[in-house]
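Just below is one structure, and these are the notes that go with it.
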């Protein structure tokens with residue numbers, strides 16, 4: 001069913017018109033819910049009328065006053081803001097901790113620097129153990145004790161995903177921190193200690209953000225992911241410069 005006389009939607013939000021007033025040829029008005037636009041069409045999903053109806057209208061009328069970013073959802077915006085802020089906070093924390101940590105003794109020798117990195121890696125592994133414990137305890141105390149039954153609740157599913165991602169991030173951190181410790185000269189190895197502290201803080205931020213609302217995980221995810229990239233690429237650059 002098409003109609004060229006459909007008036008533009010009254011409200012616009014995230015690619016969806018949550019409430020719209022539509023006028024049809026016979027001048028009857030219907031207040032409909034969850035109006036979703038696709039290109040030059042609005043597909044109405046509502047209880048009245050009971051069936052989905054597609055109205056052809058001009059796209060510029062449907063998104064009147066919106067710019068080129070009208071297709072970006074609030075969740076996407078939250079992820080972008082979280083990711084950028086996470087990277088910024090990571091850089092500031094890394095620099096501040098590097099300045100605050102003392103230079104380790106015997107850091108002129110590579111073996112001492114590797115040992116220094118391994119000690120900090122043990123600290124960086126603590127969030128992973130806490131997550132594993134949270135998943136294990138939740139399974140033991142619920143019907144999800146048998147993982148093949150699919151009885152996990154939302155909290156357990158999130159904790160499991162956080163654990164999986166932290167294991168992946170820790171593997172990258174392990175490789176990057178050891179390589180950086182081997183490549184950095186002397187007392188500059190304390191950068192690895194600073195990175196380990198940031199890793200712990202941002203993994204906890206990732207966990208908390210995921211639990212509050214999944215899109216809020218971007219803050220902790222981006223900070224550790226890009227710090228790991230920095231450690232890996234930095235160590236390669238220092239090794240071959």
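Label zone of residue 129 (point 7 Å out along Cα→Cβ, amide N under 15 Å): in region 189-210 this covers 200.
Given the convex hull over the Cα atoms of region 72-240, what projected area results after averaging over all orientations, in nm²?
So the Cα hull casts an average projection of 11.4 nm².
Report, in whole Å, the centroid distance computed from the Cα atoms of region 131-197 and region 201-232. Their Cα centres are 11 Å away from one another. Rounded if a/c is under 1.5, else prolate if a/b beats b/c, else oblate: with a ≥ b ≥ c from the C-alpha gyration tensor eigenvalues square-rooted, which is region 189-241? Oblate shape, in that a/c is at least 1.5 and b/c is the bigger or equal ratio.
Can you tell me the relative contact order of region 155-240? Whole percent, Cα pairs under 8 Å, sequence separation 6 or more.
39
As a calculated quantity, the FRET efficiency between residue 168 and residue 72 at R0 = 25 Å, using C-beta atoms, amounts to about 0.35. Based on Cα contacts under 8 Å between residues 6+ apart, region 72-240 shows a relative contact order of 38 percent.
Quick note: the coordinates plus some simple rules give every number you see, no bench work behind them. The structure displayed is predicted, hence computed values, not measured ones. Every residue, glycine among them, receives a Cβ derived from its backbone with ideal geometry; neighbour counts consider all protein chains shown.
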